[in-house]
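Structure first, then comments.
FYI, it's all coordinate maths here, none of it is from the lab. In this text, all values refer to a predicted model and were calculated from it rather than measured experimentally. Neighbour counts are summed over all protein chains in view; Cβ atoms, including those assigned to glycine, are modelled from backbone coordinates with ideal geometry.
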Amino acid sequence: MAFVASGFEHSVANMFFIPMGITVANGAPEAAAAALKMSPDAIAQVFNYGTFINANLIPVTLGNIVGGGIFVGALYWFVYMRKSPAALKQEKSVGA
C-alpha cells in the first residue's frame with residue numbers, strides 16, 4: 001500500500017490491486033456488497049476483468065504511450081536536438 005500511496009508506477013500497482021479487488025469481490029460477493037453498499041449483481045457488473053481492461057488498462061496504456069513517447073520525446077528534442085539561435089546564426093554566416 002505504501003508503494004501506491006507514494007505515487008510510484010501506477011500501472012504496476014493497477015495490475016496488482018485491481019485484480020485483487022476483483023478476486024475479493026467475486027470470492028466473497030456478500031461481504032463486498034455490504035462493504036460497498038451495493039447489490040452482489042452490481043458488484044459483478046462493476047468489478048470484472050472486462051471493465052478492468054476497457055476502463056483502466058487500455059486508457060492507461062494509451063496515456064503512457066502518448067505521455068512517454070510524444071511529450072517526453074518532444075521535450076528531449078527541444079532540449080537536446082534543436083539548434084540554439086547562436087548555432088543557427090553561425091551556420092547562416094558560414095553558409096553565406
Order of 56-69, 23-36 by packing, highest average Cβ count within 10 Å first?
23-36, 56-69
Under the rule of at least 5 residues apart or a separate chain, name every residue whose amide H is placed under 5 Å from the amide H of PHE47.
none
Would you work out which of VAL24, SER93, LEU57 lies farthest towards the positive end of the dipole of the range 2-95, given +1 charges on the beta-carbon of Lys and Arg and -1 on that of Asp and Glu, about the Cα centre?
SER93
Tell me, what HN-Hα J-couplings in whole Hz come from the Karplus equation 6.51 cos²θ - 1.76 cosθ + 1.60 at θ = phi - 60° for each residue of the range 66-71, using x for Gly and Pro?
5, x, x, x, 9, 5
With a cut-off of at most 13 other beta carbons within 10 Å, and DSSP calling the residue loop, which chymotrypsin sites (Phe, Trp or Tyr not before Pro) in the range 47-87 qualify? Please list them.
none
Would you work out the charge dipole size for the chain about its Cα centre, treating the Cβ of every Lys and Arg as +1 and the Cβ of every Asp and Glu as -1, and quote it to the nearest 20 debye?
680 debye
Rounded to the angstrom and largest first, Cα extents along the principal axes for the chain equal 80, 26, 17
